[in-house]
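Scroll down for the structure; my scribbles are underneath it.
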Amino acid sequence: MATILAIESSCDETSAAVCRDGEILSNIIAGQKVHEQYGGVVPELASRAHMQNIVPVVDTALQNAKCRLDDINAVAFTQSPGLIGSLLVGTQFAKSLALALHKPLIAVHHMQAHVLANLIDDPKPSFPFLCLTVSGGHTQIVLCESPAIMKVIGETIDDAAGEAFDKSAKLLGLPYPGGPLIDKYAKEGNPTRFQFPEPQIPGLNFSFSGVKTSILYFLQNAGKSNIYKEEFMATADEKNKFITENLNDICASIQHRIITILLNKLRKAALETGIKDICIAGGVSANSGLRQALKETGEKYHWNTFIPAFQYCTDNAGMIAITGYYKYLAGEFDSLSVSASARAEW
Ligand code: KG4
Ligand code: ZN
């Protein structure tokens, strides 16, 4: 029997989970409201909040799993990529725990864990599968051959999909993180009312900066055009009135464009590789429009589609635990000299 305690602290969520033989017994996530007023994550505040949260979060994860520290066979943690101060809190905690318990330590790559979140619940994809990993910092198409062998075959050349959601929301005056709010308003809106351009990027790579700029001009012109022209420049009152009166349609149209960019590349990747088991992962995979569009595209192209449960889409330790479990089975352990890293190779 293998029981893994996992810790995730790469950004602004402190999370701990317990996994026994591939089953997640608990997955506790403590968010950090402190960033809302700043319109984005403030790294130093995130590190401090992790230090306050980590002991109660780990305690609750153990209690909910009806587990004691003695029952743990290994400690897994997010080693990279992420905010260095945030990663350091989880890394030092995991290392101390592994040392005190005399148990193996397992370092986990956060983005690989997002992909493997698809192996938590049944039905599971068969290898090889493709995963569109869309989060606040990354947008990638990953070819996953096994839990240990993954290759990035496409990625964004500028903003990530989550950034495109959050920056658009900021332009609309919505609080951070705006992705879930755009999702909410889009449900009531017309996705084809406003047209934003689709970038022409070769291969399987993505770009979102052009869409963001066209939304900026579109709002500056109060919907008259998404090309910047001084003579169309709206006053602040005109712009706010336009946003208030059309919020649902604007959100639906922004979301529609981001989703079509993502799914067009995913379709291309499926065609080029011949792979039909297709997953999504990462915070943006919580988006209801993307989830629905993946299902519909999958039916049309006869794919087997997989979407993690909501709690395993945004940052969570459940995905670190399942990755740790597969590494445990493969005997892939790390020494206590391992250190956190803001950037990571695949
Ligand atoms: O994976 P994640 O929790 O953290 C990172 O590793 O970045 O992803 C966070 C991103 C944010 O940009 C957030 O706005 C976005 O996921 N997000 C959403 C939704 N829920 C979270 N974007 C669109 N619709 C949602 N429902
Ligand atoms: Zn993430």
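Just one residue in the set ASN205, ASN190, ASN221 is assigned by TED's automatic domain parsing to the domain that holds LEU143 and either without any contact (Cβ under 8 Å) to a residue 24 or more places away in the chain or under 13 Å from LEU171 (Cβ atoms) (or both); that residue is ASN221. Any chance segment 51-58 includes a residue that's assigned to a strand (DSSP E or B) and either of a type in the set (A, V, I, L, M) or over 19 Å from GLY324 (Cα atoms) (or both)? No - not one qualifying residue is present in segment 51-58.
Yes or no, residue by residue, for (1) farther than 15 Å from ILE24 by Cα; (2) among the charged types (D, E, K, R):
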| position | (1), (2) |
| --- | --- |
| ALA46 | yes, no |
| ALA49 | yes, no |
| VAL55 | yes, no |
| ALA61 | no, no |
| LYS66 | no, yes |
| ILE72 | no, no |
| GLY82 | yes, no |
| VAL89 | yes, no |
| ALA94 | yes, no |
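Across segment 289-308, the qualifying residues are those that are in a helix (DSSP H, G or I) and hydrophobic (A, V, I, L, M, F, W, C), and the one among them that is farthest from ligand 2 (Cβ to nearest atom) is ALA293. Taken together, the criteria exclude LEU97 from residues that are assigned to a helix (DSSP H, G or I) and out of contact with any strand residue (DSSP E or B) (no Cβ under 9 Å at 6 or more places or on another chain). When LEU83, LEU45 are checked against the criterion of being within 25 Å of LYS167 (Cβ to Cβ), free of Cβ contacts under 8 Å to residues at least 24 places away in the same chain and among the aliphatic types (A, V, I, L, M), a single residue qualifies: LEU45. Checking the structure you have, find out if any residue of segment 147-158 is modelled with pLDDT of 95 or more, of a type outside the set (Gly, Ala, Ser) and farther than 23 Å from ARG343 by Cα. The answer is no, given that none of the residues of segment 147-158 is modelled with pLDDT of 95 or more, of a type outside the set (Gly, Ala, Ser) and farther than 23 Å from ARG343 by Cα. When LEU105, LEU143 are checked against the criterion of being hydrophobic (A, V, I, L, M, F, W, C), away from ligand 1 (no atom under 12 Å from the Cβ) and closer than 22 Å to ASP21 by Cα, LEU105 stands alone in meeting it. Within segment 309-331, can you find the residues that are within 13 Å of ligand 1 (Cβ to nearest atom), in a helix (DSSP H, G or I) and touching a residue at least 60 places away in the same chain (Cβ under 8 Å)? Result: GLN311, TYR312, GLY318, MET319, ILE320.
Listed by position, the strands (runs of 3 or more DSSP E) enclosed by segment 100-179 that each have at least 2 residues that are surrounded by fewer than 20 Cβ atoms within 10 Å (Cβ to Cβ) and away from ligand 2 (no atom under 15 Å from the Cβ) are 150-155. For ARG48, the test of being buried (at least 17 other Cβ atoms within 10 Å of the Cβ), of a type in the set (D, E, K, R) and more than 16 Å from ligand 2 (Cβ to nearest atom) is failed.
The values are calculated or read from the model by the stated rules, or taken from the named source; none is laboratory data. Everything numeric in this text was worked out from a predicted model, so none of it was measured. Cβ sites come from the backbone with ideal geometry, for glycine too, and all protein chains shown count toward neighbours.
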